[in-house]
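Report on the structure given below.
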């Protein structure tokens, strides 16, 4: 057995990651696959939207001046000379005293500068043709979308660092952009260790328990933008863990289990052999055995040592691995959870110099701490609505205090 001689503060551990973890390089991504990706450069519109004057209403395209003086009791009559539809424009020129039927989105024909809405007009047969009776005047430019009204050619439509939303993809597509330069997303290797573990889907029996951490960690990594997550399960054997870590090509490796300092805890020793243990042992409850370090060529790959107890594993991931995975992909390091302020029903005890991750439930407008603190009681996280983080400079939180709940 080996003990922790000292434990780093959460603040100091995060400072190491912030100093050494930066976004990955960029790659071209087809627009169809770019949702949720982070733009690595500003993107400008290749074309204006619209790139032609288009009708904003169903009605009649005409010269607005031709309708001046029109009213309900004194309509102005114009000859209807054709139709304009989206993708099928009117080929001619609208002359004096003429109008063209037009639908929303269709190009406004030459000679017309306004659209009279259908509700203010009537079309009737006359001398073998059709005549428009305009019951209202329409000003030039009315109901016409001008070229570049939405986006002008060359306008910046996406700023570097923006996480692309569905509507961003729509604007990019509308302006003729086929692909974007995006920050590459990190690949993640998940290594779950333990002689006692059965694969997910098994029925626990005898001295064996089902691996719960792998599914949880895989979902968390995908939430945080991992490009892929490959999972391996190993018994507690130093050589097997060393060989797998040495062969890993992923930017991030999450080792679940073996993170502490017992005789079967090999993760920190393996990482020290292959690279550098930057932090091992954190003043955090739960998850105090957590750690991380760097390995591989130029120490560019990250390995996170996550405790095997499920709540500790979740806690360590949220504090350290999650922010790093997001940062590598160009996303904000901040936890991606909604937050809510509410009043604490019962006090929360803590100690100076330690950060506490306290599971809580919401009862109306009050926060109720969940009494169990066991690091292996994973169901406490499903009964909880979220957590309250008690900082290392606080000796707990008093009954009635207003606290911020980080919502699950």
Exercise for review: Considering Cα pairs under 8 angstrom that are at least six residues apart, work out the relative contact order of region 198-289 and quote it in whole percent.
Suggested key: 17 percent
Revision key, fill the gap. FRET efficiency (residue 404, residue 165; Cβ distance; R0 25 Å; to 0.05) is 0.45
Point to revise | Antiparallel content of DSSP bridges confined to region 280-383, in %, to 5 | key: 70 percent
Point to revise | the chain: calculated mean residue ellipticity at 222 nm from DSSP helix runs of at least 4, using -39500 (n - 2.57) | key: -4500 deg cm²/dmol
Review point. Which residue, 122, 276, 149, tops the fluctuation ranking in a GNM of the chain built on C-alpha contacts under 10 Å?
Key: 122
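In what sequence, highest mean first, do 106-113, 232-239 appear when ranked by Cβ atoms within 10 angstrom?
Order by mean packing, descending: 106-113, 232-239.
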**Study point:** For region 75-135: relative contact order, % (alpha-carbon pairs under 8 angstrom, 6 or more apart)
**Key:** 40 percent
**Study point:** On Cα atoms only, tilt of 238-247 relative to the major axis of the chain in degrees
**Key:** 30 degrees
Exercise for review: Arrange the following residues from fewest to most other Cβ atoms within 10 Å of their Cβ: 288, 376, 256, 55.
Suggested key: 376, 288, 55, 256
Point to revise | Rg in Å to one decimal, and Dmax rounded to a whole Å, for the chain via C-alpha atoms | key: 32.1, 105
Check your understanding: So what's the angle, to the nearest 10 degrees on a 0 to 90 scale, between helix 213-223 and the longest Cα principal axis of the chain?
Key -> 30 degrees
Check your understanding: With a 10 Å Cβ neighbour count serving as the proxy for reagent exposure, in which order, fewest first, do 208, 320 appear?
Key -> 208, 320
Study note, to complete from the structure: antiparallel share of DSSP beta bridges within the chain, to nearest 5, in %, is 65 percent
Study note, to complete from the structure: When 198, 28 are ranked with the fewest other C-beta atoms within 10 Å first, the list becomes 28, 198
Point to revise | Helix axis angle, 10-20 relative to the chain longest principal axis, alpha carbon, degrees | key: 60 degrees
Revision key, fill the gap. Simple spin-label estimate for residue 131/residue 261, 7 Å along Cα→Cβ, in nm, reads 10.0 nm
Study note, to complete from the structure: Distance in nm between residue 25 and residue 73 label points, each 7 Å along Cα→Cβ, equals 7.9 nm
Revision key, fill the gap. Residue 298 and residue 119 label points (each 7 Å along its Cα→Cβ direction) are spaced in nm at 6.4 nm
Check your understanding: Most mobile of 349, 91, 221 per a Gaussian network model of the chain (Cα springs, under 10 Å)?
Key -> 91
Review point. Tell me, what is the percent relative contact order of the chain, built from C-alpha pairs under 8 Å that lie six or more residues apart?
Key: 16 percent
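Bear in mind that the values in this text are calculations on the coordinates, not laboratory data. In this text, all values refer to a predicted model and were calculated from it rather than measured experimentally. Note: ideal-geometry Cβ built from the backbone for every residue, glycine included; neighbour counts use all protein chains shown.
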